[in-house]
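Report on the structure given below.
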Amino acid sequence: MSLHVRFHATALSICLLPQGSSAPVDILAHPFAAFFRTHDETTLVCPTALVPQNTKVEHGFIPFELVGSFEFGLTGILTQVANPLAAAGVSIVPLSTFNTDYVLIKANHQAKAAEALPQAGHKSRTRQRCAPARRKDFALAPTAQLRRLCEVVNDLTRRLSGQLPPSRP
C-alpha cells in the first residue's frame, strides 16, 4: 500500500515531567502537543518553544503525518514507513490520534527520510509553518491568535523587504 506522508516544520521536544505532574493545559492547547502518563513516568510532547522549565528534555524532532484516516483494525501501516526509515538509519517515535498517525524523527534526518519514503513507494510533501509558537500567544482566543500571527508574519515580511528597520532586542 502506498501512503501519503506530509512533513510538518514544527520543532518538537519530548519532555520527561515529574511523576504525577498535571497536564499543562496551556501547552496542550497547541497543535502537536501530547501528554501521556503511565505508572512509571509522565511525558509531554510539545513545540520546542513551549518546553516547561526544569524538565529532562530531548529536542530536535519534527513530525510527519500519515495522511488519511486508518481503520483501527488495519495492520502494518506503521511498518510500511518504519522499515524503510530503519534501513536509512532514521529512528522514529510514533504517535497516534483517533484519526491520524504521526511519526516524529530528528530534524537532521528529514532529508534521509524524504529520500527513503518515496523509494519505498510513498508520496511525500512538506508543510511549512509561518511563525514559531510562543507561550504568551496561547492565552489569547483563537481569533486573536490568528490575528496576532498575521501581524507577526506581516511585520517580518516588511522587515525582510526593508520597509521597517530591524527590531531591537
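Each reported figure results from applying straightforward, stated rules to the coordinates on display, with no laboratory input. Everything numeric here is computed off the predicted structure, so don't read it as measured data. Heads up, the Cβs are rebuilt from the backbone with ideal geometry, glycines too, and the neighbour counts pull from every protein chain shown.
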Checklist outcome for this item: Here the gain from full extension of D40 to V25, 0.36 nm per residue of separation minus their alpha-carbon distance, amounts to 3.3 nm
Next on the checklist: For a quick check: sort H4, H30 by the number of other beta carbons within 10 angstrom, fewest at the front.
Outcome noted: H4, H30
Checklist outcome for this item: Exposure-ranked with fewest Cβ neighbours within 10 Å first, F35, F70, F64 stand as F70, F35, F64
Checklist entry - From the square roots a ≥ b ≥ c of the eigenvalues of the alpha-carbon gyration tensor of the range 1-118, which class results: rounded (a/c under 1.5), prolate (a/b over b/c), or oblate? => result prolate
